[in-house]
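The values are calculated or read from the model by the stated rules, or taken from the named source; none is laboratory data. What you see is a predicted model, and the numbers here were worked out from it, not measured in a lab. Glycine gets a Cβ as well: all are built from the backbone with ideal geometry, and neighbour counts include every protein chain shown. Calculation scope for accessible area: heavy atoms of the full protein, side chains included, ligands and nucleic acids excluded. Shrake-Rupley method; radii C 1.70, N 1.55, O 1.52, S 1.80 Å.
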There are 2 protein chains.
Amino acid sequence: LKRRTFIGIDIGGTNIEIAAVGVSGRLLARESIPSNPERGPKDAFVRVAEALPRLLGKRRALTAAGVGCAGLVDPTRGKLHASPNLPSWRNAPLGRIARRHLGVYTVVDNDANAAAYGEYVCGSGRGTRTFICITLGTGVGGAVVLDGRLLRGRENFAGEIGHMTICETGPRCKCGNRGCLEAYLGSDALLDDAMKRLETKRSRYLSKWVASRTRPFTPKTLAEAAGGGDRIARAVFAEAGSHLGTAMASLINIFNPDAIAVAGGVANSFDLMRADTEKAIRQRAFRESSRAVKVAQAELGTDAAAVGAALLARDSQEYERSTG
Amino acid sequence: LKRRTFIGIDIGGTNIEIAAVGVSGRLLARESIPSNPERGPKDAFVRVAEALPRLLGKRRALTAAGVGCAGLVDPTRGKLHASPNLPSWRNAPLGRIARRHLGVYTVVDNDANAAAYGEYVCGSGRGTRTFICITLGTGVGGAVVLDGRLLRGRENFAGEIGHMTICETGPRCKCGNRGCLEAYLGSDALLDDAMKRLETKRSRYLSKWVASRTRPFTPKTLAEAAGGGDRIARAVFAEAGSHLGTAMASLINIFNPDAIAVAGGVANSFDLMRADTEKAIRQRAFRESSRAVKVAQAELGTDAAAVGAALLARDSQEYERSTG
């Protein structure tokens, strides 16, 4: 008898992270493939299905699959409405496509909801009652878990923390608004900020890398430069951290949460932002609300959304079985 | 046998609104007395107790009392921690003081929580599952009702919507932060904005009233001037409405609510703000989330917090009786 296994598929603007998770919630295996969103959602799920044998091995059978996708997702219909970072996937019936190519019970949710759920069940949100997770990647997402349940709202669109206004007169965001958190902290915003600083200043690594084009210019190389002491890269993360702290301060004043976690690829650089994030929180949030809040990098790291999607599939299937 | 009656006491920076409410939730009588916060909380409750016979009449008996107070309130201990608009009341044991002077079961909560609960039970929030109420008065408060329960957070400090950052570089707020919603929409902010505009422009009523000091300069007179077509007063409310819309857009993106109500004294001027509020929402919130949201003035008007406090007392006493 093969062992029951859940697969979680985290679809971002750049990569698709796939995680295989056991019944206990333990991460068994993971793989990352490029999103290539221009090739459409069917192509993406064909490639996910091709990865399955590698992830499951011979002794495990796929029981259910969870899809976490960037953008406005309708979990009840398994549909992606719109996603600023997957513009050509508008109205894609992800649940139907996933079920066809994977052949099992499937749930679809927003990627940030999945990450928050993963962190709540087996990461930095364990044991909390009011938990917020902010996902930093190509875009900026978020989700709120209250007493173990995701905050969903009227049409399941709650949690778009990346599109809180941080400054009314701020830079344009892909969503059409001005001054959204994402317009400061999305990966394009970080890179734009670095390029702008490079116009007037030089720094140890970035000046060379950008001029010679020897390295791809991504948030990851930006983080490497900052880790090596590059002052422009450090300034970019410090300023991003301050804006993140402004958003967290508003969320602390609104939710008075137990904990806030930072997930997604750019969260690997949270240590470069932390001091400025915490300073902004101290300056901006009510002390009574902020003093006990735990602000931390997601324990599941970049796997949070994929693991969380698998756990959403596990728990949703369990719930449907128990209620008939 | 006298009829059971609940009293709600809404303590703001300027006035105390007292409401007598029947078992059904119906408002029976109301009275407004000045807060005179400098005279301390005991003095305030002595004056509330003096008003009781007028509010109850001969055929009604006081069953329980609810206190809604501006600021950070701990409902479990009945204590006011800190309130920017009642600075000298820091750490006042409001529950104990109220019980001593009124002699009945008492609950204490944040005034905005009380207003939201009142509107949820018998106002513009009836029948909603995700409901937000923003209170515009001396300060700006807020509260969120999810599936009939107030969002409370770790220490019961959730809902401080007035202290969301609207613009990081914005004007100083009494809380110490910069660019809070309250720094744009608190009553002092509205009056300051009008005075600033009067330095360089003249208008039909305000120029005269301010120069001659024939009328007190309050949000109410500002609203009267706007109602009469005074262009400076109208511009003040229009700009305030736009900032309110920015905050609502963030809340819509975070909560995807069914409805948002505007309560408190300044909400009487919501018609002067509405067009700019709705414009900012259209510009800033995801259309998918904003198209179905109902934005309205609180149906209970300036009585929302007082009626809501009475209903919180009614329902809390009922709950404690039913659970022993």
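Observations
- When A:Ser250 is tested against the conditions (1) more than 14 Å from chain B (Cβ to nearest Cβ); (2) touching a strand residue (DSSP E or B) at 6+ places or on another chain (Cβ under 9 Å); (3) small (Gly, Ala, Ser), the lone failure is (1).
- Top-ranked residue in segment B:226-266 [being modelled with pLDDT under 95 and among the hydrophobic types (A, V, I, L, M, F, W, C); ranked as nearest to the chain's Cα centre (by Cα)]: B:Ala263
- Within segment B:252-265, being assigned to a helix (DSSP H, G or I) and either under 14 Å from A:Asn177 (Cα atoms) or open to solvent by 10 Å² or more (accessible area, probe 1.4 Å) (or both) holds for B:Ile252, B:Asn253, B:Gly265.
- Within segment B:183-211, residues that are more than 17 Å from B:Gly162 (Cβ to Cβ) sit with their Cβ atoms under 6 Å from residues that are open to solvent by 100 Å² or more (accessible area, probe 1.4 Å), at 6+ positions apart or across chains, in these pairs: B:Ser203/B:Arg231.
- Residues of segment B:12-57 that are under 17 Å from B:Asp303 (Cβ atoms), open to solvent by 60 Å² or more (accessible area, probe 1.4 Å) and of a type in the set (Val, Ile, Thr): B:Thr14 alone.
- Filtered residues of segment A:267-323 (kept if out of contact with any helix residue (DSSP H, G or I) (no Cβ under 9 Å at 6 or more places or on another chain), over 30 Å from A:Phe6 (Cα atoms) and open to solvent by less than 30 Å² (accessible area, probe 1.4 Å)): A:Glu288
- Count of residues meeting criterion [touching a Leu at 6+ places or on another chain (Cβ under 8 Å) and open to solvent by 10 Å² or more (accessible area, probe 1.4 Å)] in segment B:228-251: 3
- From B:Arg284, B:Arg314, residue being over 18 Å from the mean Cα position of the chain (by Cα) and at the interface with chain A (Cβ under 9 Å from one of its Cβ atoms): B:Arg284
- Candidates B:Arg99, B:Arg152, filtered to the one that is among the charged types (D, E, K, R) and at the interface with chain A (Cβ under 9 Å from one of its Cβ atoms): B:Arg152
- Criterion (open to solvent by 10 Å² or more (accessible area, probe 1.4 Å) and under 24 Å from B:Arg284 (Cα atoms)) met by exactly one of A:Ser187, A:Ser212, A:Ser203: A:Ser187
- Hits in segment A:123-141 (condition: within 13 Å of chain B (Cβ to nearest Cβ) and either at pLDDT below 95 or at positive phi (or both)): A:Gly127, A:Gly139, A:Val140, A:Gly141
- Residues located in segment A:91-134, provided they are open to solvent by less than 40 Å² (accessible area, probe 1.4 Å), assigned to a helix (DSSP H, G or I) and more than 27 Å from A:Ser290 (Cα to Cα): A:Leu94, A:Gly95, A:Ile97, A:Ala98, A:Leu102
- Condition broken by B:Cys167, with the remaining ones in (1) closer than 30 Å to A:Arg149 by Cα; (2) in contact with a His (Cβ under 9 Å, 6 or more places away or on another chain) satisfied: (1)
- The number of residues in segment A:280-324 that are farther than 19 Å from A:Pro257 by Cβ and either small (Gly, Ala, Ser) or part of a helix (DSSP H, G or I) (or both) comes to 21.
- Filter pass, B:Arg178 being within 30 Å of B:Gly127 (Cα to Cα) and either within 14 Å of chain A (Cβ to nearest Cβ) or under 22 Å from the mean Cα position of the chain (by Cα) (or both): no
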